[in-house]
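Let me begin by presenting the structure, written as structure tokens, before commenting on it.
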Amino acid sequence: MAVTDTRPQPSYQWIEHISATNFGIIALALIMPVLANDFILFQVFGWAFILGTIALSLQFLAGYGGMVSLLQMTVAGLAGYGVALFGDSGAALSLGWPWWLNIPVAIIVAGIFATLVGALAVRTEGIYTIMITLAIASAFFYFARQNYPIFNGYTGFNLVIPPQLFGVDWRQPVPFYYLTLGAATLSFICVLYVSRSPFGLALQGVRDNPRRMAALGFNVTMHRIYAYTFASFFASIGGILLVWQNAQVSPGTVGLPNVFDILVIAVVGGLRHPIGPFIGALIYCVLRAFAPDILLAFGLSGERFKMLIGLGFLAIVFWSPDGVLGLWDRWKARRSANADPLTGKARGGSA
Amino acid sequence: MTMTDTAADRLGSASSGNALELRGVTKLFGALAALTDINLTVRPGERRAVLGSNGAGKTTLFNCVTGDFLPTNGSIRLFGEDVTSFPPQERIRRGLRRTYQISLLFGGLSVIDNVYLACRGVSRGRFSMLRPRRNDTLMARAAELIEAVHMTPLKDTMVRNLAYGQQRQLEIALALSGAPRLILFDEPAAGLSPTERSELIAILMGLPGHIGYIIIEHDMDVALRVATSVSMMHNGRIFKEGSPEEIENDPEVQELYLGGGHG
């Protein structure tokens, strides 16, 4: 007699929801080390995934929670300082704890810091949230520069490198590419998933209408504070990877130019969806890598690459307040408006 | 519409006291007295209309009951418990709900997500980071409430794309979430078409008997049809209480609110 397997079969419906374009992007990301050289892998993609992950924490707060925080680079830097201080580095200050201890402790410390600052910042709204988080980011920069017992002052920590796990040197371009790709992808999926959870939905409710949320039984203040805590996790992951990439952390890591860069990246990419920060980060890193060469080719100083980034930022916020994602949406809307409703194809020019 | 067992249980436990008791509630905004020495008692399941001209203090009264404003003086008891100093979310968890004069909904979310949030707000797991499963009871309850306000075909529509009347209906669905025992309706019929008003009256009159409500409404046809008792407000004071018929035939009310020539 034939035996029928009555165990529930796994559902693969989620695969059907992935479009052909997304499949193409995933495949391209996986085979990128075959196509690109070490510089592109390490300095463009690796860096873009790191900055995108840090900017993702801002997207979560601003896009879903309506809280524009300039604190995220500071949280990232604090986590970076954490792995340098608790783990190994070239500075005598480092405690030399193993990676499985120093990384979680660094993330927890950064999380506690973000929660405390969040508890202060959520009592304000709009421009005042920006001002408070900017003030704290600025204070942290000066504190790190002047404090030697913990932050090692102006020098910071050097020789901060990832642990040699599974016999792999994770700072080599290809392993580092996959490490950052993996961290960015998991962070992206995590934020996307949580955005549809009760916590994520409630946060969007708080963004749209805090008064009504209180009238529905939610503690609006606690929701906002938890959002800071949750977002700090991604900022911390990005911060640790950033420190490993540069092999050092110093007050410059948490300096105001970097703080603003995270805001620019998130806004240029688009705050509406978690993919926005990664688009913004990729644009930023490509410009940062190649703009000096382009400027030099036109006989201009290569140091003026930030002017190009600034002009790009101005153009995007002028034409599309929703960033590149907004441009994409408008293009799709125009395309569907021009499509024949029956066939779905573009309308012909003749009647 | 069917209510959950929880609602009946909580109703039973509350039978010892009034649904709402205001004693000497006064609310001052600087020198302006928006409410002066308000005494109001609403029994469980009672349907009361609060009428008065613009600026009479009706919405301020609601804001004091929900905790949006703290009264300057006086006490507020909800189902026998003194909630005067409680924040809004604590009062909501005791069975109080309200709708707003101007729709306060979540425009960036769909209809079902709005109602799901309202159901989640008065249950555990408000901070859960796990997505609701397909058989989630709160999601099923949200679908029931959407059905109760006749909006099932629109459940996946973004709220910012709803027509005004539909938003008002959704407001009611939100107010019915969880296990409400007392609902404050703030001008639910404002801006509705005659058909939508009829639908609103049907929804209000179809509410289970254990759910009491207080309704602020300028449309007398709606207010006097759905209420069993009426309080009249003027200049921040309650100056008359009675049945809809008594209020409608009261000469002082006719003079102040309905116009001298009424009746």
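Of note:
- Selection count where residues are in contact (Cβ under 8 Å) with a residue 40 or more places away in the chain and acidic (Asp, Glu), scope region A:279-331: 1
- Scanning region A:209-218 for residues that are out of contact with any Leu (no Cβ under 6 Å at 6 or more places or on another chain) and crowded, with 20+ Cβ neighbours inside 10 Å turns up A:213, A:214, A:215, A:216, A:217, A:218.
- Among the criteria (1) surrounded by fewer than 20 Cβ atoms within 10 Å (Cβ to Cβ); (2) within 30 Å of residue B:107 (Cβ to Cβ); (3) polar (S, T, N, Q), the one residue B:177 does not fulfil is (1).
- Of all residues making up region A:231-253, the number that are surrounded by fewer than 24 Cβ atoms within 10 Å (Cβ to Cβ) and within 14 Å of chain B (Cβ to nearest Cβ): 1
- Residue match in region A:58-65 (condition: touching a helix residue (DSSP H, G or I) at 6+ places or on another chain (Cβ under 7 Å), outside any helix (DSSP H, G or I) and touching a residue at least 60 places away in the same chain (Cβ under 8 Å)): yes
- Boolean, residue B:198 is free of Cβ contacts under 8 Å to residues at least 12 places away in the same chain, within 14 Å of chain A (Cβ to nearest Cβ), hydroxyl-bearing (Ser, Thr, Tyr) and more than 17 Å from residue A:211 (Cβ to Cβ): no
- Restricting the first member to region B:235-263 and to residues that are over 20 Å from residue B:39 (Cα atoms), and the second to residues that are surrounded by fewer than 13 Cβ atoms within 10 Å (Cβ to Cβ) and modelled with pLDDT under 85, the beta-carbon pairs closer than 6 Å and six or more apart or on different chains are B:254/B:263.
- Neighbours by Cβ (under 7 Å, 6+ apart or cross-chain): first from region B:74-85, within 15 Å of residue B:39 (Cα to Cα); second buried (at least 16 other Cβ atoms within 10 Å of the Cβ) and among the hydroxyl-bearing types (Ser, Thr, Tyr): B:74/B:26; B:75/B:84; B:76/B:84
Here is a yes/no grid of residues against (1) more than 28 Å from residue A:161 (Cα to Cα); (2) within 12 Å of the chain's Cα centre (by Cα):
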| site | (1), (2) |
| --- | --- |
| A:250 | no, no |
| A:253 | no, no |
| A:282 | no, yes |
| A:304 | yes, no |
| A:315 | yes, no |
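- Residue among B:170, B:176, B:138, B:145 that is of a type in the set (A, V, I, L, M, F, W, C), within 26 Å of residue B:95 (Cβ to Cβ), within 14 Å of chain A (Cβ to nearest Cβ) and touching a strand residue (DSSP E or B) at 6+ places or on another chain (Cβ under 8 Å): B:176
- One residue alone among A:61, A:35, A:93, A:56 is at pLDDT 95 or above and under 30 Å from residue A:166 (Cβ atoms), and that residue is A:56.
- Scanning region A:168-202 for residues that are of a type in the set (Lys, Arg) and within 14 Å of chain B (Cβ to nearest Cβ) gives a single hit, A:196.
- Test: residue A:288 is farther than 26 Å from residue A:110 by Cα, among the basic types (Lys, Arg) and surrounded by 16 or more Cβ atoms within 10 Å (Cβ to Cβ): yes
- Of the candidates B:107, B:52, the single residue that is more than 14 Å from residue A:218 (Cβ to Cβ), crowded, with 19+ Cβ neighbours inside 10 Å and either over 16 Å from the mean Cα position of the chain (by Cα) or not assigned by TED's automatic domain parsing to the domain that holds residue B:17 (or both) is B:52.
The values are calculated or read from the model by the stated rules, or taken from the named source; none is laboratory data. Quick caveat, the model's predicted, so the values are computed rather than measured. A quick note on method: Cβ atoms are made from the backbone with ideal geometry, for glycine too, and the neighbour counts reach across all protein chains shown.
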